[in-house]
């Protein structure tokens, strides 16, 4: 039981937080811009590398690099939208999806060009885990979960207390009615990208702290992020949080050995998200919390 | 013939051969996307199935995985197409009722699962070590005739597929496909079993992709999961089809040849650079091909050989006003 | 008395086919103007064209004397025209209060009087102001839809079939509210299927068919006209 919690449950929650951060933005982009953003994972990668660059140049602890990483990633997202998605906005969403596929590759190759293909880590040294009773908590895991919770709280405040946040929710609900109410749709689109990028920068930083920073890191997350977003219901940011945790926990818990063998061999861990994804799409595409379907 | 000219000629033959293999795969994608509007992002998976199926059946005995049947290449290719078709059928039954963006996500997942299976089930595929010594037709001939002969095989396959697909396109089957692509609800209202047609297009397209994979395996004689890295394979085929002109079978041949030539030539050019630069150059090329796709999508979405496509038309549902998008 | 809204010879539609083939109307500040006609006559399309949601090939639209032909909704809304679509006219995941807030999105400054007005006009909404709008009943949702548009404190309110799908009790309530809104000084232009009821309230009525005007006059006049009754009001009670 203790091993279950220490080695599967806690990593599952940490991973789930990271998935949630990505899935919220993905769900919002899907709900407001109406297309499946395949470059979402690679934006997370970009966020991680920005954070790494800041942390190493300024020689600060990793978490301090977050504001800079957020600013840089948000700027990048706005630029990408302006250059590659906005010109295709009036067309069928397939065009933007293919474009995002291309943008994903472009981001990854730029990252490899600038920083090279090797793995990198954030300077942190070896820290002893926190031990409470029989439970061990890696220090970084505590930071990650706490920071994720803080960010999500801020997000909640933004979405429910600010005019821009409410306009985003309105546009995600009924875009034409939002237009009819005089809401400036391009402004909301910009806010969507900034928000998604901020969440991704955090997710990338946390993933980098938890594991390492490498060019494939974000792309490897794209299936779980989509699974989480669909599980939570497209356009429902709160659903995406639940979705992220479910997918993260499912991935970890599926590899728990029960009586010798696990439900899913560890080498097939990434298939878990896919199975969840397809199951949701076939059984209940609106997600657990009844989001949009297109 | 001078050695340089000979070298150039062999390079061109290789270019056309591999470009031709990609043309086969593009023709398959064209059936799915161009004819029927199915958004398949799992191309790499079907390509890989075909390659591995043919390789396993024809490769010599090796202790680490199933092999040694040493069946003739033709049979290998037939099984390659069939295997892809069967997998496509199973997946299609499950996922084809999903609509475009969701189908794309599901097919990416499919590609990913297939890649995992190829990497992990070493008893079948030899895992990361790959399958080697795959026989190539006509490899016994003295060079350059062996290469010429293989190129002829590729050209023959393309020709056969082209004729088949053009026939299908002009036949009632093709017309129904286009009707479904352009307005599925209307087609269904007219009494067409749209799911069946979509499934047929999906399976046929995947079979062609599998065939392409088989031909690829026999050409390169060694395959491993690395070769089927989804982003590159799937992505580059999409670029090829978009550049050539989706919906158009000639475009599905011209696009790949053109894009592959550009890709290959730029690779050749970067080989001249000092070695520290070559890896960087590879990433730069990927960046440029991604950028090229964006430019094509924005400026010339119909591709070289245009036919009106979903990619270029304005989405009337989006611009017609608040009521236009039908609720599901 | 000058007209708040005028439309002259509107021709246009979605894509290639024209739905409107020459529609003209005028609404003055005290009017309740009603557009009726058979299905497919282009009534909703006409409304959308006024609001800039449908492309016009010909014709002119003026609001408060200014030409707004072809302007986009977010340019028209600040000029004082509110629009309530027939479908998808609320934000289901936003609370009632947030829906109203979105209605006043473009307004700066104090909008508390606007809230008060809407809540006093529609008391059931005041009780449920924190509920997500999607959880309300059909009639209450329609109140939210109209309330949202009223938050703008517009000069003219466009309504597309405000009573469709409602029970007779609610239909009467909604029409009563519409009359109240008009008495408070807001011009009303609505498309209605409940032709007989609506025309009774109408100070100005337009019968459209085939995308063009067929009859106009005051509501009661149209109701009394045997030709109108025979051709367009059918057997409706």
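The values are calculated or read from the model by the stated rules, or taken from the named source; none is laboratory data. Given the structure is predicted, the values throughout are model-derived calculations rather than measurements. Virtual Cβ from ideal backbone geometry, glycine too; neighbours counted across all protein chains shown.
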In region C:54-97, what residues are more than 8 Å from chain A (Cβ to nearest Cβ), within 15 Å of residue C:158 (Cβ to Cβ) and in contact with a helix residue (DSSP H, G or I) (Cβ under 9 Å, 6 or more places away or on another chain)? C:54, C:61, C:63, C:64, C:68, C:71, C:76, C:81, C:82, C:84, C:86
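Which of the following residues is in contact with a strand residue (DSSP E or B) (Cβ under 9 Å, 6 or more places away or on another chain) and buried (at least 18 other Cβ atoms within 10 Å of the Cβ): B:161, B:208, B:180, B:223? Walk me through how you get there before you give the answer.
Details: B:161 fails: in contact with a strand residue (DSSP E or B) (Cβ under 9 Å, 6 or more places away or on another chain); B:208 fails: in contact with a strand residue (DSSP E or B) (Cβ under 9 Å, 6 or more places away or on another chain); B:180 fails: in contact with a strand residue (DSSP E or B) (Cβ under 9 Å, 6 or more places away or on another chain).
When all the criteria are applied, what remains is B:223.
Looking at region A:88-103, can you tell me whether even one residue there is under 21 Å from the mean Cα position of the chain (by Cα) and without any contact (Cβ under 8 Å) to a residue 12 or more places away in the chain?
The first filter runs over region A:88-103 and keeps only residues under 21 Å from the mean Cα position of the chain (by Cα), leaving A:96-103.
Among the residues that remain, those that are also without any contact (Cβ under 8 Å) to a residue 12 or more places away in the chain are: A:98.
Scanning region A:88-103, I find at least one residue that is under 21 Å from the mean Cα position of the chain (by Cα) and without any contact (Cβ under 8 Å) to a residue 12 or more places away in the chain, so the answer is yes.
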Residues within region A:26-46 that are more than 11 Å from the chain's Cα centre (by Cα) and more than 14 Å from every other protein chain (Cβ to nearest Cβ), tallied: 0
Residues being touching a helix residue (DSSP H, G or I) at 6+ places or on another chain (Cβ under 8 Å) and in a helix (DSSP H, G or I) - total across region A:117-148: 7
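How many residues does region C:217-237 hold that are surrounded by fewer than 24 Cβ atoms within 10 Å (Cβ to Cβ) and touching a helix residue (DSSP H, G or I) at 6+ places or on another chain (Cβ under 8 Å)? Can you show your working first?
Looking only at region C:217-237, we keep the residues that are surrounded by fewer than 24 Cβ atoms within 10 Å (Cβ to Cβ), and these are C:217-221, C:223-237.
Of the ones still in play, those that are also touching a helix residue (DSSP H, G or I) at 6+ places or on another chain (Cβ under 8 Å) are C:219-220, C:223, C:228-229, C:232-233, C:236-237.
Result for region C:217-237: 9.
Does residue B:136 satisfy the condition of being farther than 30 Å from residue B:184 by Cα, surrounded by fewer than 18 Cβ atoms within 10 Å (Cβ to Cβ), more than 14 Å from chain A (Cβ to nearest Cβ) and more than 18 Å from the chain's Cα centre (by Cα)?
Details: farther than 30 Å from residue B:184 by Cα: yes; surrounded by fewer than 18 Cβ atoms within 10 Å (Cβ to Cβ): no; more than 14 Å from chain A (Cβ to nearest Cβ): yes; more than 18 Å from the chain's Cα centre (by Cα): yes.
No; evaluated as a whole, the condition is false for this residue.
Being crowded, with 18+ Cβ neighbours inside 10 Å and within 14 Å of chain A (Cβ to nearest Cβ) narrows it down to one of C:50, C:25, C:20, so name that one.
On the way: C:25 fails: within 14 Å of chain A (Cβ to nearest Cβ); C:20 fails: within 14 Å of chain A (Cβ to nearest Cβ).
C:50 is the lone residue from the list that is crowded, with 18+ Cβ neighbours inside 10 Å and within 14 Å of chain A (Cβ to nearest Cβ).
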Out of C:204, C:130, C:177, sole residue that is over 14 Å from the mean Cα position of the chain (by Cα) and at negative phi: C:130
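Suppose we filter A:223, A:249, A:288 for residues that are assigned to a helix (DSSP H, G or I) and either modelled with pLDDT under 85 or surrounded by 22 or more Cβ atoms within 10 Å (Cβ to Cβ) (or both); which single one remains? If you could, list the steps in order and put the result at the bottom.
Details: A:249 fails: either modelled with pLDDT under 85 or surrounded by 22 or more Cβ atoms within 10 Å (Cβ to Cβ) (or both); A:288 fails: assigned to a helix (DSSP H, G or I).
Result: A:223 is the single residue among A:223, A:249, A:288 that is assigned to a helix (DSSP H, G or I) and either modelled with pLDDT under 85 or surrounded by 22 or more Cβ atoms within 10 Å (Cβ to Cβ) (or both).
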Against the definition (buried (at least 18 other Cβ atoms within 10 Å of the Cβ), more than 25 Å from residue B:104 (Cα to Cα), within 14 Å of another protein chain (Cβ to nearest Cβ) and modelled with pLDDT of 90 or more), how does residue A:88 come out, yes or no? no
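This table checks each residue for (1) free of Cβ contacts under 8 Å to residues at least 40 places away in the same chain; (2) closer than 22 Å to residue C:228 by Cβ.
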site	(1), (2)
C:35	no, yes
C:41	no, yes
C:62	no, no
C:65	no, no
C:70	yes, no
C:76	yes, no
C:84	no, no
C:106	no, no
With respect to the numbered conditions (1) out of contact with any helix residue (DSSP H, G or I) (no Cβ under 7 Å at 6 or more places or on another chain); (2) outside any loop (DSSP other than H, G, I, E, B); (3) buried (at least 16 other Cβ atoms within 10 Å of the Cβ), which one is the sole condition not fulfilled by residue C:118? (1)
Looking only at region B:256-296, which residues are within 14 Å of chain A (Cβ to nearest Cβ), touching a helix residue (DSSP H, G or I) at 6+ places or on another chain (Cβ under 8 Å) and either within 16 Å of residue B:241 (Cβ to Cβ) or at pLDDT 90 or above (or both)? B:259, B:263, B:287, B:289, B:290, B:291, B:292, B:293, B:294, B:296
Considering only region A:252-281, state which residues are more than 14 Å from residue A:16 (Cβ to Cβ), away from chain B (no Cβ under 14 Å) and not in a strand (DSSP E or B). A:256, A:259, A:260, A:263
Evaluation of residue A:164 against (1) within 14 Å of chain B (Cβ to nearest Cβ); (2) surrounded by fewer than 19 Cβ atoms within 10 Å (Cβ to Cβ); (3) within 26 Å of residue C:147 (Cα to Cα) (one fails), failing number: (1)
For residue C:106, are the conditions met, namely being crowded, with 23+ Cβ neighbours inside 10 Å, in a loop (DSSP other than H, G, I, E, B) and within 14 Å of chain A (Cβ to nearest Cβ)? no
Name the strands (runs of 3 or more DSSP E) wholly inside region C:151-237 in which the number of residues that are free of Cβ contacts under 8 Å to residues at least 40 places away in the same chain is 2 or more. C:212-217
Kindly provide the set of residues from region C:152-169 that are over 15 Å from the mean Cα position of the chain (by Cα) and surrounded by 18 or more Cβ atoms within 10 Å (Cβ to Cβ), ordered by number. C:166
Single residue of region B:107-123 satisfying the filter (free of Cβ contacts under 8 Å to residues at least 24 places away in the same chain and in a helix (DSSP H, G or I)) that is farthest from the other protein chains (Cβ to nearest Cβ): B:117
By residue number, the members of region B:227-248 that are surrounded by fewer than 22 Cβ atoms within 10 Å (Cβ to Cβ) and more than 13 Å from every other protein chain (Cβ to nearest Cβ) are B:227
Residue count, region A:192-220, condition assigned to a helix (DSSP H, G or I) and either within 14 Å of chain B (Cβ to nearest Cβ) or crowded, with 22+ Cβ neighbours inside 10 Å (or both), comes to 19
